[in-house]
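Report on the following structure.
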Amino acid sequence: MQFRDLKAQYNVLKEEIDQGIADVINNSNYINGKQVSELETVLAEYVGVKHCITCANGTDALSLALMACGIGPGDAVFVPDFTFFASGEVVSCAGATPIFVDVCEDTFNISAESLENAIKCIIKEGNLIPKAIIAVDLFGQPADYMRIRSIADKYHLFILEDGAQGFGGEINGRRACSFGDIATTSFFPAKPLGCYGDGGAIFTSNDTIADYLRSICVHGKGTSKYDNIRLGRNSRLDTLQAAILLPKFKAFCNYELNAVNQVAIMYTELLKDIVKTPIVPEGFYSSWAQYCILLPNGNARMQLQLELKEKGIPTMVYYPNPMHKQRAFYNKYKKYDGLSVASGLCTRVLALPMHPYIKEIEIENVVLGIKNSICFK
Ligand SMILES: *Cc1c(COP(=O)(O)O)cnc(C)c1O
């Protein structure tokens, strides 16, 4: 059994993907080929924003978004304590200060209470200027943007939506990557919409920000690539990756997103009486980048993971460490919260095999493995 079976997907889409790759090679338009702008058009339309700017990966997408907000030394950026390292790393790399905020146990996403409390502390101290919130759509579920937006408006902060795992999610019919002033996603192979290498995209409806982003992706270009009006980066999506993403995006919309939601319903139905299963609040829709259960404690998780491994069932721990305990950050930044929920999740969380091509029998096998574990005896 595969944790995320990318080969099964390729077998289904092989003809279209192979043709797409062959076309790029035949045209030798490896950089900025027409497939790149085609992809940007369909993704912007799907998400429901004016602009999609593709780039080299999801981490670059976040870094470029921070540059577009003018964030640098002396600025405070609020980041959930339970997320992938990149969400906080980009803040430090920009010279700004990440302020780690606790999350909600039910949704794994940023806690509005902890967020507002941290903002108030920073204002009271007066050393840093609160500038932005990086809200992460963790495991495929959008953060609570109704509450985050009202806090952002109250304190005049940008919202950067880290939708690396959230592409395809929704709140009341509105799609993920449309909630932030700027939103980003990643096409890393294992993400909900992945390519065959690294890739990323930035979404915004602000024309000025979009122009600026298109410039800094290509060495701060002005009217041409050799007219450089500012410092930028080299961060582009390869034409090959765009050609691979076009048929994959069609499958994602047509049936994959629905398929992972069916898998999640089945897992939850079969597991809800044994372990804490993920909660999707009313009006929310997840793209299930991960399906994570919570065990009673760290020992139970270790035991279960071992037993499942012996049965050939792969599981993963996302994430073993909260951001504030990552060695790169440890003791560098002040804490304004006990961050106890995030710390607890790190010891108890376990991600189960989840992808659109998983078979019912495999789901039943995973469930049986969990039910038979001695940690529930
Ligand atoms: C994967 C991920 C990123 C980084 O994306 P890359 O394409 O790997 O650079 C950023 N944030 C979150 C939450 C992620 O899961």
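Filter the stretch 127-137 for residues that are away from the ligand (no atom under 13 Å from the Cβ) and assigned to a loop (DSSP other than H, G, I, E, B) and give the result.
Residues of the stretch 127-137 away from the ligand (no atom under 13 Å from the Cβ): 127-133.
Hits for the stretch 127-137 are N127, L128.
Wholly within the stretch 260-377, which helices (runs of 4 or more DSSP H) include no fewer than the required count, namely at least 3 residues that are of a type in the set (S, T, Y)? Before the answer, list the steps.
Values: elements: 298-310, 340-348, 360-371.
Because the criterion is at least 3 residues that are of a type in the set (S, T, Y), the helices (runs of 4 or more DSSP H) in the stretch 260-377 that meet it are 340-348.
Residues in the stretch 168-193 that are crowded, with 22+ Cβ neighbours inside 10 Å and within 11 Å of the ligand (Cβ to nearest atom): 6 in all. The set of residues from the stretch 44-62 being within 17 Å of L245 (Cβ to Cβ) and within 15 Å of the ligand (Cβ to nearest atom) comprises I53, T54, C55, A56, N57, G58, D60, A61. For the stretch 74-92, a residue qualifies if it is acidic (D, E), out of contact with any His (no Cβ under 6 Å at 6 or more places or on another chain) and more than 10 Å from the ligand (Cβ to nearest atom), and exactly one does: D75. Report yes if some residue within the stretch 212-219 is of a type in the set (D, E, K, R), surrounded by fewer than 20 Cβ atoms within 10 Å (Cβ to Cβ) and away from the ligand (no atom under 16 Å from the Cβ); otherwise report no. Checked the stretch 212-219: at least one residue is of a type in the set (D, E, K, R), surrounded by fewer than 20 Cβ atoms within 10 Å (Cβ to Cβ) and away from the ligand (no atom under 16 Å from the Cβ). Counting the residues of the stretch 189-208 that are over 21 Å from the mean Cα position of the chain (by Cα) and touching a residue at least 24 places away in the same chain (Cβ under 8 Å) gives 2. A single member of R214, R230, R175 is closer than 28 Å to V12 by Cα and not hydrophobic (A, V, I, L, M, F, W, C), and it is R175.
Do you know which residues across the stretch 135-163 are of a type in the set (A, V, I, L, M, F, W, C) and closer than 27 Å to E256 by Cβ?
Kept after step one, since they are of a type in the set (A, V, I, L, M, F, W, C), are these residues of the stretch 135-163: 135-136, 138-139, 143, 146, 148, 151-152, 157-160.
Correct list: A135, V136, L138, F139, A143, L160.
With respect to Y196, is the statement that it is surrounded by fewer than 24 Cβ atoms within 10 Å (Cβ to Cβ), within 15 Å of the ligand (Cβ to nearest atom) and not basic (K, R) true? Considered against the rule, which asks whether it is surrounded by fewer than 24 Cβ atoms within 10 Å (Cβ to Cβ), within 15 Å of the ligand (Cβ to nearest atom) and not basic (K, R), Y196 comes out as yes.
The one condition from (1) closer than 25 Å to G220 by Cβ; (2) away from the ligand (no atom under 12 Å from the Cβ) that P98 does not meet is (1).
Of all residues being not small (G, A, S) and not in a helix (DSSP H, G or I) in the stretch 138-157, which is farthest from the ligand (Cβ to nearest atom)? Just the residue, please. Please lay out each step first, then the result.
Residues of the stretch 138-157 not small (G, A, S): 138-139, 141-142, 144-149, 151, 153-157.
In the following step, the residues that additionally are not in a helix (DSSP H, G or I) were identified as 141-142, 144, 156-157.
Numbers: Q141: 12, P142: 12, D144: 16, H156: 25, L157: 19 Å.
Per the stated criteria, the residue is H156.
FYI, it's all coordinate maths here, none of it is from the lab. Since the model is a prediction, treat every value here as computed from it, not as a measurement. Reconstructed Cβ throughout: ideal geometry from the backbone, glycine too, with neighbour counts over all protein chains shown.
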